[in-house]
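Read through the structure below, which is laid out as structure tokens, and then see the notes.
Every number here is computed from the coordinates shown, using simple stated rules; none is lab data. Only a predicted model underlies this, so the values are computations on that prediction, with no experimental measurement involved. Here the Cβ is made from the backbone with ideal geometry for all residues, glycine too, and neighbour counts use every protein chain on show.
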Amino acid sequence: MKSLLTHALFALAAVVSTGLATAQAPNGGAAGNAANGQAILVKQGCAACHGTDGQGGAGPRLAPNPPAAAALIKYVRKPLGAMPPYRNQLSDAQLTDIWAYLASIPAPPPVKDIPLLNQ
């Protein structure tokens, strides 16, 4: 539980320090607005399965290091398994914003760097 809390605090600090700016896809392609993506993730119910910071739960973990934006969009349109398809509920731009938010979430620090976990 403390690890999750620590991760959440580090994620919050990173979000505040970056201001959830517009993110650029690693391949130089689609960009998205991370702040808008965070709002969409919660409003559309994605967070119910994937967590508010993409940490996973009933659905798989999406952050840190989400799949490429195009792969995320393709999967959301035609998922495998229990996830319902989102064909018309979200535009490609909205999904790119969700991707930008997920891409803005930093990796948690290594366990060795968390004093409380090394006692």
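A few notes on this one:
- Counting charges near Ala100 (Lys, Arg +1; Asp, Glu -1) among other residues having Cβ under 14 Å from its Cβ returns a value of -3.
- Segment 35-77 - Debye-derived log10 I(q)/I(0), Cα point model, q = 0.16, 0.21, 0.33 Å⁻¹: -0.38, -0.67, -1.25
- Diffusion coefficient, µm² s⁻¹, Stokes-Einstein with Kirkwood Rh over alpha-carbon pairs of segment 64-114 at 25 °C and 0.890 mPa s: 199
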